[in-house]
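Computed from the coordinates by the stated procedures, all read-outs in this text should not be read as laboratory data. Note that this is a predicted model, so its numbers are computed, not measured. All Cβ positions, glycine included, derive from the backbone under ideal geometry; neighbour counts span all protein chains shown.
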Amino acid sequence: MDRSEVNEKVLSILKKYTRKDDVWETASGDSKILEDLQINSARLVDIMLDLEDEFDIEIDDETMDSIMTIDNAVDAIHAKMKNQ
Amino acid sequence: MEHRRVVITGIGTVAPGAKNSEEFLELLKEGRSGIKFSAEQEEYGFECQVAGKAESGIDLNDPILKYHEVQLGNDFIQLACTAALEAWKSAGLDIPEPDSEVDYRTGVVIGGITPGTDVIVDKIAPLIKRKKVRRLGSQIVPNVMPSGASAYLSSIFAAGAYSYSLNSACSTGTDSIINGAASIWLGFADRMIVGASEHYSPYNLAGFDSMRLMNKQWNHEPERASRPLSNTAHGFVPGSGAGILILEAHDVAIARGAKIYGEIIGSAVNCGAQRGGGTMTYPNKDGVIRALNTALGYSQLTPSDIDYINGHLSGTVADVLEISNWRDVLKLGPGKFPPINSTKALIGHCLGAAGALEFNAMVLQVENNFVHQALNTEDIHPEIEGMIGREAVPMQRLDKEINIAAKASFGFGDVNSVIIYKKWKENA
């Protein structure tokens, strides 16, 4: 799976958890998941579970803590998939 | 003690056979049953295979509901949100923006008995047993906490006076209304979102079926199965739904020119403490009589002032005792006893939400000048007929003006709750 496919799937998962549609009008890879997408911080664990299911990987707490932006998530998943 | 008057300015309902208060009013007017055959109860081997299942019809794509993540809430929460949004709108209030200031003068108390059983059985238990705790995710806790619905509503309506749940078994809904009214009386709040929600779940009903408290003899005729006051009542029929009211301090409602439905002019709660013949499941007569007398005393009424009673009357052996208690307190016999019915005949016993939904039924009847048909009382219990007369239990809808109405609820744990309600009249 190439990076753009990973990116597309990550976005579709994040879209499940945004509370306002207009946050996507200005979203980019640098957008912060909590601040810019305004996702409730409690949802981070649900997002990680969805990502694990989607990409058949395990995301440890350290990796989870390192994911701030959309690109952080895509890069972390891409790296884990390449290492498997 | 002088205290602020409490009025009702908004009403919201989701009941079996009715998605909102307008449909509920039609159901009441027609004396129509919302009880149907339940395939789940048949599949799981219940003796009772009928139920009243409320469907919220909630639009989860509504931007406000999406912002507050109502789609992540369980049926208990979604039923409460649906009824509360209707109540809030009917009170003529605007839904606050998500970033609005907190309104520390509006509070929430939404009751519920066991809102999270489905989550416990279907998600928590299987995952824990497979040692998959980390896969439970973020929605387990809000969906098992009894204050879950209150938490959602305080978020949607920016209500910050307080937000909690209340649980007193089948008195829950009525007690939530009384608790909200008391908060206004005492000055804790100016406005309260009150009521209760009960979602349909076989897990919540199984214990009652095992106790032989649910009616198993009318599975072939669901609409005839809920039979309060009848000689052939053999237990209650389970229901579900949510009834929510907006209570306001009288001065606040008047100042904003709100439509007022009526006023809570008296109430009482107590517990018979399982003495004097009372048990976990059966009332101490002395406790019930004290509660009824106390509510009447607070309202400064005489028994003949009561135009209508919405009883607890669930279709069990306790119906006869309840009627004898009302008769002993009011000291009115056949020909004098006010009309009485049980909304459970139409929608079943909605357990935690019963008192709230039945209170809504009372408000709608008072507002529209009728007493709904006491469905399935064609074979009225002879002892009940002897005590209060056939005419007090209307076989057909009774169109009449109601100024004063009484609502009682009783529950497991020998708990009693009574509210006296007065129709609103300008300058009265």
GNM result for chain B, Cα springs below 10 Å: residue of B:Ala125, B:Ala84, B:Ala181 fluctuating most strongly: B:Ala125
Peptide B:57-67 - average C-beta neighbours from other chains (10 Å radius): 1
Whole-angstrom Cα spans of the range B:60-102 along principal axes, big to small: 26, 22, 19
Convex hull volume per residue for the range A:3-83, taking Cα atoms only, in Å³: 82
Base-10 log of normalised Debye intensity for chain B (one unit scatterer per alpha-carbon) at q = 0.11, 0.14 Å⁻¹: -0.77, -1.26
All Cα pairs of the protein assembly as shown, percent lying beyond 41 Å: 26
Over 22 Å (Cα to Cα) - which of B:Lys89/B:Lys407; B:Lys19/B:Lys422; B:Lys216/B:Lys344; B:Lys259/B:Lys336 fall in this group: B:Lys89/B:Lys407; B:Lys19/B:Lys422; B:Lys259/B:Lys336
Tensor-based shape of the range B:314-428 (alpha-carbon gyration tensor, a/c under 1.5 rounded, otherwise prolate or oblate): rounded
Cα convex hull of the range B:259-336, projected area averaged across orientations, nm²: 6.4
Of B:Arg212, B:Arg130, B:Arg397, the one that fluctuates the most in a GNM where chain B has Cα springs shorter than 10 Å: B:Arg130
Residues B:Val393, B:Val252 arranged by fewest to most Cβ contacts within 10 Å: B:Val252, B:Val393
Net dipole in debye of chain B [+1 Lys, Arg Cβ; -1 Asp, Glu Cβ; about Cα centre; nearest 20]: 840
Amide hydrogen neighbours beyond the local backbone of B:Tyr162, cut-off 5 Å, H modeled: B:Gly107, B:Val108
The protein assembly as shown: calculated mean residue ellipticity at 222 nm from DSSP helix runs of at least 4, using -39500 (n - 2.57): -10500 deg cm²/dmol
Shielding by other protein chains, B:133-139, mean Cβ within 10 Å: 5
Residues A:His78, B:His349, sorted so that the one with the fewest Cβ neighbours within 10 Å comes first: A:His78, B:His349
Translational diffusion coefficient (Stokes-Einstein; Kirkwood radius from C-alpha pairs) of the range B:6-255 at 37 °C, 0.692 mPa s, in µm²/s: 172
More than 21 Å apart - percent of Cα-Cα pairs taken over the range B:212-319: 59
Shielding by other protein chains, B:365-378, mean Cβ within 10 Å: 0
Ranked list, fewest to most other Cβ atoms within 10 Å of each Cβ, for B:Thr302, B:Thr106: B:Thr302, B:Thr106
Phi-based couplings in Hz for the range A:42-47 (Karplus 6.51, -1.76, 1.60; Gly and Pro marked x): 5, 6, 4, 5, 5, 5
